[in-house]
Amino acid sequence: MQQTKNRWLIVLAAIGIHISIGSVYAWSVLTRPIMEAMGFTLQQVTWTFSLAILFLGTSAGFLGTYVERFGPRKSGLIAAAFFGSGMLGTAYALSQHSLMLLYLFYGVIGGIGLGTGYITPVSTLVKWFPNNRGLATGLAIMGFGFASLIAGPVMQLLIAQYGLVQNFIIMGCAYVVVMVCSALYLEPPKQAPITSNGTHKVQINANQPKQYTCKEAMKTWQFYALWWIFFTNITCGIGLLAVASPMAQEVIKMSPMAAASMVGIIGLLNGGGRIVWSTISDYIGRRNTYIAFFAIEIVAFYLLAGVSDSFMFQVLIFLIVTCYGGGFSCMPAYLSDIYGTKQLSAIHGRILTAWGLAGIAGPLLLSQLYERTHSYSMALYFFSACFVLSLALAIVLKFKATIE
């Protein structure tokens, strides 16, 4: 039987879903226009983003089993329905000047669409690229990281031309079209995929892991070790991202325009780091890749706490951001290395609950430490110390990842 789908078009479909839902990272573009138009405070508007990330993580955790059961096509359509409803509902909420409706539609309903859409293509891609799992998942998750580079300028243009409410209507309709078309093309392979030269089937690997169910995976200590290192990487990374611009202006006296340019480069490296690190992980292994992440971040956060040179400040920020993005893209492949692909979407979904909690913990922790010390240094030293524990866990996983 011949393959009915082109696996590179499967990748493109996965990117289509992720580049749509990844627009959540462009929320900062919407913050000031919403505040000015609605009269909401910064904290009230920021909570909308935090709710979206929270429900991304929780919905991924609780709906992962159903994504595996329904298949990528149906779950992709469900994601499109929730995310599209969230965007269009947000337009209605803003037209009504209702903060509660904004939380409901963008934070809760849109967040469920985010979580469902995020895990939808992962298991499918791993099955299509069994010999290059990191590359395959990295390509899709790269789309999530790069999305803000497209969505941010487009939203700014639409708001200027048509207004805030119309922006959400136009973008919502566009995302529904892209997500529906992408979901309709997604399906798992009907047989073992062919190798990169297109002539031979992939050979069965005698060292393939046992195919674990989600329930079985959650009974292993390795699952909780991976949850913790994922949580740590996101908490510290997203905490830094939340204050990158004001920190640059305060610490190294960077101009607002230069800080905005730095944030743009951060977006590029967040997406680029996902594909670069995930590809590297195919060659050096996921275990060694996470050890590299945490070794780099221990040093980078520590040095960043005391740096005053503009060039070194930016180098350290950019280095941290690549590791932050790489942590997202390498995790699905790492999970498949240990638990197999049988219920990868469900297992990955449970791990993503760490993202939902980290999305609140990171910015909150950093802001609390800053308010008490009036300096970013203590928070950065604390983040560096957190990575020491994560590095120790990553080293233990290197030698004890195989489940006996």
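Cross-link candidates for residue 253: which aspartates and glutamates have Cα within less than 14 Å, leaving aside residues fewer than 8 places away along the same chain?
309
Taking θ = phi - 60°, what integer Hz values does the Karplus form 6.51 cos²θ - 1.76 cosθ + 1.60 yield along the range 33-44, in sequence order, with x for Gly and Pro?
x, 5, 4, 5, 7, 9, x, 7, 7, 4, 5, 5
Order 27-34, 213-220, 115-122 from most to least packed using the mean count of other Cβ atoms within 10 Å.
115-122, 27-34, 213-220
Dipole magnitude of the chain about its Cα centre, charges +1 at Lys/Arg Cβ and -1 at Asp/Glu Cβ only, in debye to the nearest 20?
It comes to approximately 1160 debye.
Which of the residue pairs 127/210; 342/400; 219/342; 210/400 have a Cα-Cα distance greater than 18 Å in the structure shown?
Among 127/210; 342/400; 219/342; 210/400, the Cα-Cα distance tops 18 Å for 342/400.
From the square roots a ≥ b ≥ c of the eigenvalues of the alpha-carbon gyration tensor of the range 1-66, which class results: rounded (a/c under 1.5), prolate (a/b over b/c), or oblate?
oblate
Got a sec? Charge dipole of the chain, +1 on Cβ for Lys and Arg, -1 for Asp and Glu; which of 247, 189, 262 is way out at the positive end?
The residue sitting most towards the positive pole is 189.
Can you give the translational diffusion coefficient of the chain in µm²/s, computed by Stokes-Einstein from the Kirkwood radius over Cα pairs at 10 °C and 1.306 mPa s?
Translational diffusion coefficient: 74 µm²/s.
Which translational diffusion coefficient, to the nearest whole µm²/s, is obtained for the range 201-292 from the Stokes-Einstein equation, given a Kirkwood hydrodynamic radius over C-alpha pairs, 25 °C and 0.890 mPa s?
147 µm²/s
Would you work out the relative contact order for the chain, in percent, from Cα pairs under 8 angstrom that are 6 or more residues apart? Spell out each step's value before the answer.
On the way: 698 pairs, mean separation 104.9, N = 404.
Relative contact order here is 26 percent.
May I ask you to give the percent of accessible area on the chain that is carbon plus sulfur, with a probe radius of 1.4 Å? Each step should come with its number before you reach the end.
Values: 11190 of 16770 Å².
C and S atoms contribute 67 percent here.
With the chain treated as a Gaussian network of Cα nodes joined by springs under 10 Å, which of 188, 72, 246 yields the largest mean-square fluctuation?
Of 188, 72, 246, the Gaussian network model singles out 246 as fluctuating most.
When ranked by the protection proxy of mean other Cβ atoms within 10 Å per residue, highest first, what sequence do the peptides 256-264, 105-113 form?
So the order, starting with the most tightly packed, is 105-113, 256-264.
Most fluctuating residue of 314, 222, 368 in a GNM of the chain with Cα springs under 10 Å: which is it?
It is 368.
Taking a probe of 1.4 angstrom, what is the accessible area of residue 101 in Å², to the nearest 10?
50 Å²
Compute a Gaussian network model of the chain, connecting alpha carbons closer than 10 Å, and tell me which residue from 348, 18, 374 fluctuates the most.
Looking only at 348, 18, 374, the biggest GNM fluctuation is shown by 374.
The values are calculated or read from the model by the stated rules, or taken from the named source; none is laboratory data. Predicted model, so just to flag it, every value in this text is computed and none were measured. So basically every Cβ, Gly included, is an ideal-geometry build from the backbone, and we count neighbours across all protein chains shown. Accessible surface areas use protein heavy atoms only, side chains included; no ligands, DNA or RNA. Shrake-Rupley method; radii C 1.70, N 1.55, O 1.52, S 1.80 Å.
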